Amino acid sequence: MTRRKLTVAALLGSAFVGIIAMAGLAEHYGIIEDDDDDEGPALTKSIGNAKVDLQQGLTASEQVGQPISGKFEVEDGKFQLSIYTIKDGNLSEVLVDHVTGKVSKTEPIRDDDDLAAAKAQVAAMANAKASLKDAVDKATGETAGYRAVGVVPGLKDGHPVASVVLVKGEEIKTINESLE
């Protein structure tokens, strides 16, 4: 069984995040979504090139809207930092330059799968009192040597939580943090 499949199995085995949130998590994180590509290794190799961290990307995206999820990813062979935001009911994907920390591109979310994931994330953030940045700060503070590569909100028993994906070398782990 590949590490990606093991990661998905471990995540799915977690009682902490509901099934709908897990579907959104699996779709949102390219590092675990498609066993036929090599994005997981490409991501863990590329993350060292990022001069900004996930928290800086979340902060930068606030100029476009409220961050509802974020991740480093390799898409079409290109390493990038992608943040989903909402403002005035409009959902956008914000690309933050991983070297400068500045917003490099913003576009509306139109893909059906991405739109469904973003709507689930909005629902999870509806009653959140803490920000995703706060959750990432807490998770990274609890795990010396790990770097956050993604965060996505979900609901547990009707309460908002954030699943923070962390890497250290090639090791990947998820920590769930309350957003209340």
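Neighbours of Leu179 by Cβ distance under 9 Å: Lys/Arg scored +1, Asp/Glu scored -1, total -2.
With the cut-off at 18 Å, tell me which of the pairs Lys138/Lys173; Lys51/Lys87; Lys129/Lys173; Lys102/Lys173; Lys119/Lys156; Lys87/Lys119 have Cα atoms farther apart than that. Violating the 18 Å limit, Cα to Cα: Lys51/Lys87; Lys129/Lys173; Lys102/Lys173. Inter-label distance, Asn127 to Gln63: 3.5 nm, where each label sits 7 Å from its Cα along the C-beta direction. Ranked by the mean number of other Cβ atoms within 10 Å of their residues, highest first, the peptides 73-83, 58-68 fall in the order 58-68, 73-83. Ordering Ala123, Pro160, Gly141 by the projection of their Cα atoms onto the charge dipole of the range 104-180, which places +1 on the Cβ of Lys and Arg and -1 on the Cβ of Asp and Glu, puts Gly141 at the extreme positive end. Charges were assigned to the Cβ only: +1 to each Lys and Arg, -1 to each Asp and Glu. The resulting dipole of the range 42-139 about its Cα centre is roughly 320 debye.
For the pair Glu171 and Asp113, the difference between a 0.36 nm per residue extended length and the Cα-Cα distance amounts to 18.1 nm.
Rule-based calculations on the coordinates, nothing more; no lab input. Please read all numbers here as calculations on a predicted model, not as lab measurements. Ideal geometry is used to build each Cβ from the backbone, glycine not excepted, and the neighbour counts take in all protein chains shown.
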